[in-house]
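Inspection log for the structure reproduced underneath, given as structure tokens.
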Amino acid sequence: MTHTDWPLWEVFVRSRRGLSHTHAGSLHAPDAELALRNARDLYTRRGEGVSIWVVPSSSITASSPDEKDPFFEPAADKPYRHPTFYEIPEGVQHL
Amino acid sequence: MTTTPAKDTAHTAAALALGDDALVLSHRLGEWAGHAPVLEEEVALANIALDLLGQARVLLSMAGDEDELAYLREERAFRNLQLVEQPNGDFAHTIARQLYFSSHQYLLYGELAAGDGPFAPLAGKAVKEIAYHRDHAEQWTLRLGDGTEESHTRMQRAVDALWRYTGEMFQPVEGLDVDWPALEAAWLERLTEVLVRATLTVPDGPRTGAWAAGAGRQGLHTEPFGRVLAEMQHLHRSHPGATW
Amino acid sequence: MATAAARETAGSQAYDVPDGAGDTTDTTGYERAFDAAVAADERIEPRDWMPDAYRATLVRQIAQHAHSEIIGMQPEANWITRAPSLRRKAILMAKVQDEAGHGLYLYSAAETLGVSRDELLDKLHSGRQKYSSIFNYPTLTWADVGAIGWLVDGAAITNQVPLCRCSYGPYARAMVRICKEESFHQRQGYELLLALSRGTPEQHAMAQDAVDRWWWPSLMMFGPPDDESQHSAQSMAWKIKRHSNDELRQRFVDICVPQAASLGLTLPDPDLKWNEERGHYDFGPIDWTEFWDVLKGNGPCNEQRLTRRRQAHEEGAWVREAAAAHAAKHSNGETGATRA
């Protein structure tokens, strides 16, 4: 038998209005339209969503774990980006 | 969904006709469980079956006790269309059956929802479910019709085979205030468009059998239906009066 | 966090091993990082380096788990068309549907490890990968649907809850979703049996008969005793597994005994009694000969289940091919969803 494994799609679901889409899982589908419908049937059958995105898994470019340090560590030593870095005299409000 | 008892016998008859359609088609779709062509489709077919079963329960409850009606009536008392009792066949037959029925049901429930009859609340909710069923059937009709040579042949065969059961869908049902000829015209238009897009030929045979013209609504069914009921009702009937 | 789906479709470079990691002489750094992550109870994610044996163990376990969901649809689907009330029919259909969904979640998790679903299905169909032996037992009466929900799903949940903390991220996340959805499975089974137990004498007898047949096979679901379990120790070290087979089995027995009493049904084990000293119920010896026999393929339904599965797959081939062909023809013209 020939193999016609349908491509893999990543599914992102917005659980309710006001929230962003979150990765829910993946599934197989021959094309985008059916991917969307399969996603609806599979990932929102208990009312988990109000909007769905599907993306071919092969279209996702991910950072490599190997580059984890150069990618993410430099951000760790810049405390001045966070409000708690600054000392404000007691009693000053609305800051 | 609140269940309003049908006001009179005409509405009871209509509730039975619509309820039996949904019940029997749901049962047929349930037979797919465990051997759909691909896992994603297991989930899709079950969703449709569950929607239909939900509709059936509301409708039968309008006509009486849902379980008594489903499990204790004899074959001649069922009022469903012959179309919905047809065996699943291959996936193409199931899709053709879905296409014919859901396109019809969508239009019918749309009218019922817009009216102010006893079926309006149910129809208003169900028509959204049915829109999805129709979409599912159309999507698959397009893919099977315009897929491979084999799928095209199978889909054409299925569309042809079930064509003879489509005329019955537009026979007036007592208790339903619907413009049936307009419904039929709209159905045919949509269907033609889908079949053409799917590179399929619109069948040109008769839409009712000479012998059984529109018989499901009068209680006359096809051979396979007896077996459906035998299977569906056996356990329930084996334990009279039991609760489950 | 949605670090998203860092996976390529099977067939291409299925998982990114960092450069040099394939060179086994130079993996010590990666291995140390892996060991440290596991020790710190952090999750391992798809693109992280992992020992080949860890990957292989996960593929084997997740695939077996996925196969079990899919094969497990059959014994229950056997009763969908005969369900004795419309309410029960809806519940059963939804449950069998969930099992297909759970199979899908699990195949997806396995695919993050660089195998394709097609490959895994091939292995199932050719008998090279197993599924849970419990599904090789037949569902002879309606009460079996209840017994499967109460006992089989109960045992499965006992096994699965700790898997929500499994060291492999995608598997753990799939299990969280599955456990959440499965909570209704066990309850509906219990409720079904309760209705039978309190029903007519025939219904009560039907319930008792089902429990008699499913009790021992359910206990076997936890796998062989700890001292005979070939994969256990390593899986525990890797935190794929969190508790031993015997520990989970005992936990399950302790839960079931009072539940059976509330049902008004008995469990078919004369040795079952409370042990004050241990703080657990003692139970009789399990017939492991039967377990191994069924595992080897000699159960009442092994042949039937696999044949049915293969048949469904083969009969569906033309449908899958048609959709693929259609997609290839129309790949330019049609657009997917617009961002919303």
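The values are calculated or read from the model by the stated rules, or taken from the named source; none is laboratory data. Note that the structure is predicted; figures quoted are calculated from it, not measured. Virtual Cβ from ideal backbone geometry, glycine too; neighbours counted across all protein chains shown. For the accessible areas, the whole protein counts, side chains as well, though only heavy atoms, and no ligand, DNA or RNA atoms are used. Shrake-Rupley method; radii C 1.70, N 1.55, O 1.52, S 1.80 Å.
Things to note:
- Count Lys and Arg as plus one, Asp and Glu as minus one, and take only other residues whose Cβ is under 12 Å from that of C:ASN302; the net charge is then +3.
- If you wrap the Cα atoms of chain B in a convex hull and average its projected area over all directions, you get 13.0 nm².
- Cβ neighbours within 10 Å from other chains - mean over C:73-84: 6
- When the pairs C:LYS95/C:LYS130; C:LYS273/C:LYS296; C:LYS95/C:LYS123 are compared against a 28 Å limit on Cα-Cα distance, C:LYS273/C:LYS296 fall above it.
- For chain A, dividing the convex hull volume of the Cα atoms by the residue count gives 168 Å³ per residue.
- Each 10 Å bin, from zero up to the one with the longest distance, holds this percent of the alpha carbon pairs of the range C:241-286: 24, 55, 19, 1.
- Helix C:28-39 vs. chain C, principal-axis angle (Cα, 0 to 90°, nearest 10): 30 degrees
- Cα gyration tensor category, rounded, prolate or oblate, for the range B:151-190 with a/c compared to 1.5: prolate
- Calculated FRET efficiency, C:GLN259 to A:ASP5, Cβ-Cβ distance, R0 = 45 Å: about 0.55 to the nearest 0.05.
- Helix-derived mean residue ellipticity, 222 nm - over the protein assembly as shown, DSSP H n ≥ 4, -39500 (n - 2.57), to 500: -18000 deg cm²/dmol
- On the beta carbon distance between B:LEU72 and C:ASN298, with R0 = 51 Å, the FRET formula returns roughly 0.75.
- Spin-label pair C:GLU314/C:THR200, simplified geometry with 7 Å Cα→Cβ offset, distance in nm: 4.2 nm
- For the peptides C:207-217, B:126-136, residues were scored by their other Cβ atoms within 10 Å and the scores averaged per peptide; the highest-first order is C:207-217, B:126-136.
- Residues whose placed amide H lies under 5 Å from that of A:SER51, excluding near-sequence neighbours: A:ARG14
- Protein accessible area in the protein assembly as shown, 1.4 Å probe - carbon and sulfur %: 53 percent
- Reduced Cα scattering model of the protein assembly as shown, Debye log10 I(q)/I(0), q = 0.07, 0.08, 0.11, 0.12 Å⁻¹: -0.53, -0.69, -1.19, -1.35
- Residues whose amide H falls under 5 Å from that of A:ALA24, counting only those 5 or more places apart or on a different chain, are A:VAL11, A:PHE12, A:VAL13, with hydrogens built in the peptide plane.
- Helix axis angle, C:86-111 relative to chain C longest principal axis, alpha carbon, degrees: 30 degrees
- Counting only Cα atoms, the size of the range B:1-111 along its three principal axes is 45, 31, 25 Å, in decreasing order.
- Averaged over the residues of B:23-32, the number of partner chain Cβ atoms lying within 10 Å of the residue Cβ comes to 3.
- Using R0 = 25 Å, the C-beta based FRET efficiency linking A:SER59 and B:GLU193 works out to 0.20.
- Counting, for every residue in B:85-97, the Cβ atoms of other protein chains within 10 Å of its Cβ and taking the mean gives 1.
- In this label model, B:ALA131 and B:LEU220 are separated by 3.9 nm, measuring between points 7 Å along each Cα→Cβ vector.
- Against the main long axis of the alpha-carbon atoms of chain A, helix A:32-43 sits at an angle near 70°.
- For C:TYR168, the residues whose modelled amide H falls within less than 5 Å of its own, excluding neighbours fewer than 5 places apart on the same chain, are C:ILE44.
- With K and R counted +1 and D and E -1, the other residues having a Cβ less than 12 Å from that of C:ASP41 yield a net charge of +3.
- Size descriptor, Kirkwood hydrodynamic radius, that averages inverse alpha-carbon separations across the range B:54-102, Å: 12.4 Å
- ³J(HN,Hα), Karplus 6.51/-1.76/1.60, whole Hz, each residue of the range C:265-278, x for Gly, Pro: 10, 9, 9, x, 9, x, 8, 6, 7, 5, 10, 4, 5, 7
- Within-11-Å neighbourhood charge of B:ALA92 [Cβ basis; K, R +1; D, E -1]: +1
- Label-to-label distance, nm, for residues given as C:ALA36 and B:ASP177 (7 Å Cα→Cβ offset): 7.8 nm
- GNM flexibility winner over chain C from C:ARG278, C:ARG165, C:ARG43 (Cα, springs under 10 Å): C:ARG278
- Rg/Rh (Cα only; Kirkwood hydrodynamic radius) as it applies to the range C:117-204: 1.08
- Orientation-averaged projected area, Cα convex hull of the range C:33-308 (nm²): 14.9 nm²
- Result for chain C in a Gaussian network model with C-alpha springs under 10 Å: among C:ILE80, C:ILE71, C:ILE157, the largest mean-square fluctuation is at C:ILE80.
- Here the relative contact order of the range C:157-222, from alpha carbon pairs under 8 Å that lie six or more residues apart, stands at 20 percent.
- Whole-Hz ³J(HN,Hα) from phi, Karplus 6.51 cos²θ - 1.76 cosθ + 1.60, for the range C:158-170, glycine and proline x: 4, 6, 7, 4, x, 5, 4, 10, 4, 5, 8, x, x
- Integer Hz, Karplus 6.51/-1.76/1.60 couplings in order for the range C:310-318, x for Gly and Pro: 4, 4, 4, 5, 5, 5, x, 4, 5
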